[in-house]
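First comes the structure, then the notes that go with it.
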């Protein structure tokens, strides 16, 4: 099983908030920048949708294998 | 401190940076009695107000409505109704809802798909420009290009595009200018009514026979989930017609002018096309078109010792923020390889330019196509007339020599 690893690139993030609009449980705003909240129970589809909606492509999704 | 300068007057607007540099240095939160609001010029402050302030509203229409006489409300009914539904002039939750519905069409991944057709169009326009005695980057290249792209996205048939182009220009003065004159307002009002009728009819056509365009997508969102009203669909189309042309047209022209004035950078870019991505970001920082945008304060707060009151207008001067030496070294130097991270040409925060990714693609392709064939393209000596609108600082025309002798 693989587990998507999600990170917001703080340099690129412009505090637009599309991620929060699409997946409100999975992203929060901290001092004008978006931060990913792991373990929120948000579906992978919604997290991917959030990443696809970022106008500056600041959300990076990789996968790592567990075990 | 207070000033009374009309910064749109040609003597300032033709080269606004000395004025705004001085303001940024001596009076960074400056009450301007001509504009009737606070002029903000420091990068740190503009960035804060865009992204982190809890007291900023984009809804300048509500304020105008509250201050209008009954006669004005009647005479400018279409303006209030249509602009009142523009996502750019709304706050959460309406802004969020409308942005969600339009955002996907403009993401970097989506607009990348338009690259091939944009390049083909640019090449055709360049072919035609090469036959002209006095080629104008605006009328002969950038404007037809951006017009065709946004029209296609919206679903406007090719034979109707020139009418739509004229409309877009006519309503520009209404947008966040704050000081538009009475005659231009009246013209803009009647143009809005025409555009309202046009898009209502187009919407009806797409409802009956959906096409692969944005107006059909919005119609579906209305039908399927009542996610937005018919007024909002029409208002959104009108906004995109204006926003999809004026600004990117100006960016392309401003870029060619800036590269002409900085030939070492132009030569570098022409000979190293892989520098284009960073070069476009620097051109956005250096000569981005949206020079300033308006906000209204929703509460009292202090900024650098000045007391901002609820209801006060603020002018977030992006063009000055992007030349702040505290943020960018040697800010008045065009350097296509500098680090421009965080520049505010597309603003920041919730209202970050919806069209930003599309503008980047259009500008990159337009500049690349032109420099590929004409690496020495040079603006002819001319008196540049700058459009006197604060959200669109761009030349009215830009005549060039494609092959200077």
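Just so it is clear, none of the values below were taken in a lab; they were calculated from the coordinates. Remember, it's a predicted structure, so these values are computed and weren't measured experimentally. Using ideal geometry, Cβ is built from the backbone for each residue, glycine included, and neighbour counts are taken over all protein chains shown.
Projected over every direction and averaged, the convex hull enclosing the alpha-carbon atoms of segment B:1-132 yields 13.6 nm². When a/c reaches 1.5 or more, the comparison of a/b and b/c decides; with that in mind, is segment B:266-332 rounded, prolate or oblate per its Cα gyration tensor? Since a/c reaches 1.5 and a/b is larger than b/c, the shape of segment B:266-332 is classed as prolate. Using a/c under 1.5 as the rounded threshold, could you call the protein assembly as shown rounded, prolate or oblate? The axes a ≥ b ≥ c are square roots of the C-alpha gyration tensor eigenvalues, and prolate needs a/b larger than b/c, oblate otherwise. Verdict is rounded for the protein assembly as shown.
Pairs of Cα atoms nearer than 8 Å and 6+ residues apart set the relative contact order; for segment B:1-127 it is 15 percent. Ranked by how many other Cβ atoms sit within 10 Å of their own Cβ, fewest first, the residues B:332, B:95, B:143, B:17 fall in the order B:332, B:17, B:95, B:143. Only Cα pairs under 8 Å and 6+ residues apart enter the sum, and on that basis the relative contact order of chain B stands at 25 percent.
Between the C-alpha center of segment B:277-331 and that of segment B:103-136 there is a gap of 30 Å. Shielding value for A:15-28 is 4, the average number of Cβ atoms from other chains within 10 Å of each residue's Cβ.
Built from the Cα atoms of chain A, the convex hull projects on average onto 4.3 nm², one quarter of its surface area. Given their separation in residues at 0.36 nm each and the Cα-Cα distance between them, residue B:186 and residue B:272 gain 26.1 nm when the chain is fully extended. Between segment A:23-58 and segment B:360-405, the alpha-carbon centres lie 39 Å apart.
Quick check: from the Cα gyration tensor, does chain B come out rounded (a/c under 1.5), prolate or oblate? Here chain B falls in the oblate category. A Förster radius of 56 Å combined with the Cβ-Cβ distance from residue B:4 to residue B:197 puts the calculated FRET efficiency at roughly 0.85. Between residue B:264 and residue B:36, the modelled labels are 4.7 nm apart [label points 7 Å from Cα along Cα→Cβ]. Going from the fewest other Cβ atoms within 10 Å to the most, the residues B:153, B:1 appear in the order B:1, B:153. In segment B:101-249, Cα pairs under 8 Å separated by at least six residues give a relative contact order of 29 percent. With all pairs of different C-alpha atoms in the average, the Kirkwood value for the hydrodynamic radius of segment B:158-220 is 13.2 Å.
Panel order for B:256, B:399, B:241, B:193, by other beta carbons found within 10 Å of each beta carbon, from fewest to most: B:193, B:399, B:241, B:256. Just the number, please: Stokes-Einstein D of segment B:197-263 in µm²/s, Kirkwood Rh from C-alpha pairs, 37 °C, 0.692 mPa s. Stokes-Einstein gives a translational diffusion coefficient of 238 µm²/s. On the beta carbon distance between residue B:75 and residue B:116, with R0 = 41 Å, the FRET formula returns roughly 0.30. Using the Cβ-Cβ distance between residue B:25 and residue B:209 with R0 set to 51 Å, the FRET efficiency from 1/(1 + (r/R0)^6) comes to roughly 0.30. Take residue B:397 and residue B:133, extend 7 Å from each Cα along the Cα→Cβ direction, and tell me the distance between the two endpoints in nm. Result: 1.2 nm between the two label points. Summarising the strand pairing of chain B, around 75 percent of its internal DSSP beta bridges are antiparallel. The orientation-averaged projection of the convex hull spanning the C-alpha atoms of segment B:114-265 amounts to 11.6 square nanometres.
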